[in-house]
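Inspection log for the structure reproduced underneath, given as C-alpha coordinates.
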Amino acid sequence: MTDTIFVLNGPNLNLLGLREPEIYGSTTLDEIAGMLEDRARDLGVQVDVRQSNHEGHLVDWLHEAQADGVKAVLLNAGAYTHTSIALLDAIRSITTPVIEVHLSDPAKRESFRHHSFVGMGAVKCVQGLGAQSYIVALEAAAAL
Ligand code: CA2
(Lines give C-alpha, C1' and ligand atoms only; values in the text may rest on other atoms or scores of the structure.)
Protein backbone atom coordinates (compact mmCIF):
# COMPACT_ATOMS: atom_id res chain seq x y z
CA MET A 1 0.00 0.00 0.00
CA THR A 2 1.15 3.57 -0.69
CA ASP A 3 2.83 5.26 2.27
CA THR A 4 1.00 8.29 3.65
CA ILE A 5 2.66 11.39 5.05
CA PHE A 6 0.63 13.77 7.20
CA VAL A 7 1.33 17.49 6.68
CA LEU A 8 0.00 19.29 9.75
CA ASN A 9 -0.25 23.06 9.91
CA GLY A 10 -0.97 25.13 12.99
CA PRO A 11 -2.51 28.49 13.84
CA ASN A 12 -2.89 31.27 11.29
CA LEU A 13 -1.36 29.27 8.46
CA ASN A 14 -4.81 29.36 6.79
CA LEU A 15 -3.91 33.02 6.07
CA LEU A 16 -0.81 32.16 4.04
CA GLY A 17 -0.52 34.19 0.86
CA LEU A 18 -3.15 36.63 2.10
CA ARG A 19 -1.21 38.54 4.80
CA GLU A 20 2.47 39.34 5.52
CA PRO A 21 3.80 38.02 2.17
CA GLU A 22 7.14 39.73 2.94
CA ILE A 23 7.67 37.17 5.72
CA TYR A 24 5.74 34.10 4.61
CA GLY A 25 5.59 34.48 0.80
CA SER A 26 2.59 34.78 -1.49
CA THR A 27 1.80 31.08 -1.90
CA THR A 28 -1.45 30.00 -0.23
CA LEU A 29 -1.75 26.86 1.86
CA ASP A 30 -3.99 25.33 -0.84
CA GLU A 31 -1.24 25.99 -3.39
CA ILE A 32 1.35 24.40 -1.11
CA ALA A 33 -0.97 21.39 -0.77
CA GLY A 34 -1.11 21.15 -4.57
CA MET A 35 2.69 21.37 -4.84
CA LEU A 36 3.04 18.63 -2.20
CA GLU A 37 0.52 16.37 -3.98
CA ASP A 38 2.45 16.74 -7.27
CA ARG A 39 5.81 15.98 -5.64
CA ALA A 40 4.32 13.14 -3.60
CA ARG A 41 3.06 11.47 -6.79
CA ASP A 42 6.61 11.52 -8.22
CA LEU A 43 8.01 10.16 -4.95
CA GLY A 44 5.43 7.36 -4.77
CA VAL A 45 3.84 8.52 -1.52
CA GLN A 46 0.60 10.27 -0.67
CA VAL A 47 0.08 13.37 1.46
CA ASP A 48 -2.76 14.30 3.79
CA VAL A 49 -2.57 18.08 4.34
CA ARG A 50 -4.45 19.60 7.30
CA GLN A 51 -4.60 22.92 9.14
CA SER A 52 -6.06 23.91 12.49
CA ASN A 53 -5.95 26.94 14.74
CA HIS A 54 -6.45 24.67 17.75
CA GLU A 55 -3.57 23.04 19.62
CA GLY A 56 -5.62 19.96 20.61
CA HIS A 57 -6.44 19.16 16.98
CA LEU A 58 -2.71 18.97 16.26
CA VAL A 59 -2.24 16.66 19.27
CA ASP A 60 -5.12 14.44 18.07
CA TRP A 61 -3.68 14.28 14.54
CA LEU A 62 -0.25 13.25 15.87
CA HIS A 63 -1.93 10.39 17.75
CA GLU A 64 -3.88 9.53 14.57
CA ALA A 65 -0.62 9.37 12.62
CA GLN A 66 0.60 6.64 14.97
CA ALA A 67 -2.73 4.77 14.97
CA ASP A 68 -2.94 4.85 11.17
CA GLY A 69 0.68 3.79 10.69
CA VAL A 70 1.61 6.80 8.58
CA LYS A 71 5.21 6.96 7.40
CA ALA A 72 6.03 10.42 8.77
CA VAL A 73 4.54 13.74 9.80
CA LEU A 74 5.59 17.15 8.50
CA LEU A 75 4.65 19.63 11.22
CA ASN A 76 4.53 23.40 10.93
CA ALA A 77 3.03 24.11 14.32
CA GLY A 78 3.11 27.89 13.77
CA ALA A 79 3.52 29.80 17.03
CA TYR A 80 2.77 26.63 19.05
CA THR A 81 6.27 25.59 17.98
CA HIS A 82 7.63 27.95 20.60
CA THR A 83 5.11 27.38 23.40
CA SER A 84 3.61 23.91 23.32
CA ILE A 85 4.85 21.26 25.72
CA ALA A 86 1.64 19.38 24.79
CA LEU A 87 2.89 19.06 21.21
CA LEU A 88 6.34 17.95 22.39
CA ASP A 89 4.71 15.32 24.63
CA ALA A 90 2.54 14.15 21.71
CA ILE A 91 5.57 13.88 19.41
CA ARG A 92 7.43 11.91 22.08
CA SER A 93 4.39 9.67 22.65
CA ILE A 94 4.44 8.34 19.08
CA THR A 95 7.05 6.40 17.14
CA THR A 96 6.09 8.09 13.85
CA PRO A 97 8.98 10.38 12.83
CA VAL A 98 8.11 14.08 12.84
CA ILE A 99 9.90 16.62 10.65
CA GLU A 100 9.59 20.24 11.77
CA VAL A 101 8.87 22.71 8.96
CA HIS A 102 8.96 26.51 8.82
CA LEU A 103 8.54 28.92 5.95
CA SER A 104 10.69 31.57 7.62
CA ASP A 105 13.86 31.02 9.63
CA PRO A 106 12.76 31.55 13.24
CA ALA A 107 16.42 31.78 14.38
CA LYS A 108 16.77 35.01 12.38
CA ARG A 109 13.64 36.57 13.87
CA GLU A 110 12.53 37.75 17.32
CA SER A 111 14.21 35.98 20.26
CA PHE A 112 10.88 34.50 21.41
CA ARG A 113 10.94 32.38 18.25
CA HIS A 114 14.38 30.95 18.91
CA HIS A 115 13.28 28.07 21.13
CA SER A 116 11.33 25.19 19.57
CA PHE A 117 9.53 22.61 21.70
CA VAL A 118 8.61 20.81 18.46
CA GLY A 119 12.32 20.67 17.58
CA MET A 120 13.06 18.85 20.85
CA GLY A 121 11.07 15.89 19.50
CA ALA A 122 11.49 16.18 15.75
CA VAL A 123 14.00 14.09 13.78
CA LYS A 124 14.84 17.00 11.47
CA CYS A 125 13.97 20.64 10.77
CA VAL A 126 13.61 22.36 7.39
CA GLN A 127 13.20 26.15 7.58
CA GLY A 128 13.73 29.42 5.79
CA LEU A 129 12.96 28.26 2.26
CA GLY A 130 9.41 29.57 2.00
CA ALA A 131 6.96 27.10 0.44
CA GLN A 132 9.96 25.07 -0.72
CA SER A 133 10.60 24.10 2.93
CA TYR A 134 7.60 21.77 2.66
CA ILE A 135 8.93 20.14 -0.52
CA VAL A 136 12.41 19.58 0.92
CA ALA A 137 10.82 18.15 4.08
CA LEU A 138 8.59 15.85 2.00
CA GLU A 139 11.62 14.54 0.12
CA ALA A 140 13.36 13.85 3.45
CA ALA A 141 10.23 12.12 4.81
CA ALA A 142 9.84 9.94 1.72
CA ALA A 143 13.47 8.84 2.08
CA LEU A 144 13.05 7.72 5.72
O1 CA2 B 1 7.93 30.39 9.52
C2 CA2 B 1 7.05 29.62 9.89
O3 CA2 B 1 6.57 28.74 9.15
C4 CA2 B 1 6.42 29.80 11.28
O5 CA2 B 1 6.10 28.51 11.78
C6 CA2 B 1 5.16 30.62 11.07
C7 CA2 B 1 4.47 30.98 12.37
C8 CA2 B 1 5.46 31.62 13.35
O9 CA2 B 1 4.81 31.84 14.60
C10 CA2 B 1 6.68 30.75 13.56
O11 CA2 B 1 7.57 31.44 14.42
C12 CA2 B 1 7.37 30.46 12.24
C13 CA2 B 1 3.35 31.97 12.14
C14 CA2 B 1 2.36 31.51 11.14
C15 CA2 B 1 1.43 32.65 10.89
O16 CA2 B 1 0.99 32.55 9.58
C17 CA2 B 1 0.57 33.68 8.97
C18 CA2 B 1 0.39 33.61 7.64
C19 CA2 B 1 -0.01 34.72 6.96
C20 CA2 B 1 -0.23 35.91 7.62
C21 CA2 B 1 -0.06 35.96 8.99
C22 CA2 B 1 0.35 34.85 9.67
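The values are calculated or read from the model by the stated rules, or taken from the named source; none is laboratory data. Keep in mind the model is a prediction, meaning the values are calculated, not measured. When we count neighbours, we look across all protein chains shown, and the Cβ atoms used for this are built from the backbone with ideal geometry, even at glycine. Ligands, DNA and RNA are stripped out before the accessible areas are found, and what is left, the full protein with its side chains, is counted by its heavy atoms. Shrake-Rupley method; radii C 1.70, N 1.55, O 1.52, S 1.80 Å.
When only the Cβ of Lys, Arg, Asp and Glu is charged (+1, +1, -1, -1), the dipole of the stretch 3-142 relative to its Cα centre reaches about 340 debye. Mean projected area of the Cα convex hull of the chain, taken over all directions, amounts to 7.6 nm². Placing dummy labels 7 Å off each Cα toward the beta-carbon, the span from ILE23 to ALA143 is 3.1 nm. Our summary gives the chain a relative contact order of 27 percent, counting only alpha carbon pairs under 8 angstrom and 6 or more residues apart.
The listed residues LYS108, LYS71, LYS124, once ranked by accessible area (1.4 Å probe) with the largest placed first, stand as LYS108, LYS124, LYS71. Based on Cα contacts under 8 Å between residues 6+ apart, the stretch 97-144 shows a relative contact order of 48 percent. Between GLN46 and ALA107, the contour length at 0.36 nm per residue exceeds the Cα-Cα span by 18.9 nm.
Using the Cβ-Cβ distance between ALA86 and ASN14 with R0 = 25 Å, the FRET efficiency computed as 1/(1 + (r/R0)^6) comes to roughly 0.75.
Close amide H partners of LYS124, meaning residues 5 or more places away or on another chain with modelled amide H under 5 Å apart, are GLU100. Rolling a 1.4 Å probe over the protein heavy atoms of the chain, with every protein chain left in place, gives an accessible area that is 49 percent carbon and sulfur. Separation of the stretch 72-96 from the stretch 99-142 is 12 Å, based on Cα centroids. Extension gain for HIS54-VAL123 works out to 22.5 nm (0.36 nm per residue, less the C-alpha to C-alpha distance).
Estimated from helices alone, the mean residue ellipticity of the chain at 222 nm is -11000 deg cm²/dmol (sum of -39500 (n - 2.57) over DSSP H runs with n ≥ 4, per residue).
In the context of the full set of protein chains, residues of the chain present 49 Å² of accessible surface per residue (probe radius 1.4 Å, heavy atoms only).
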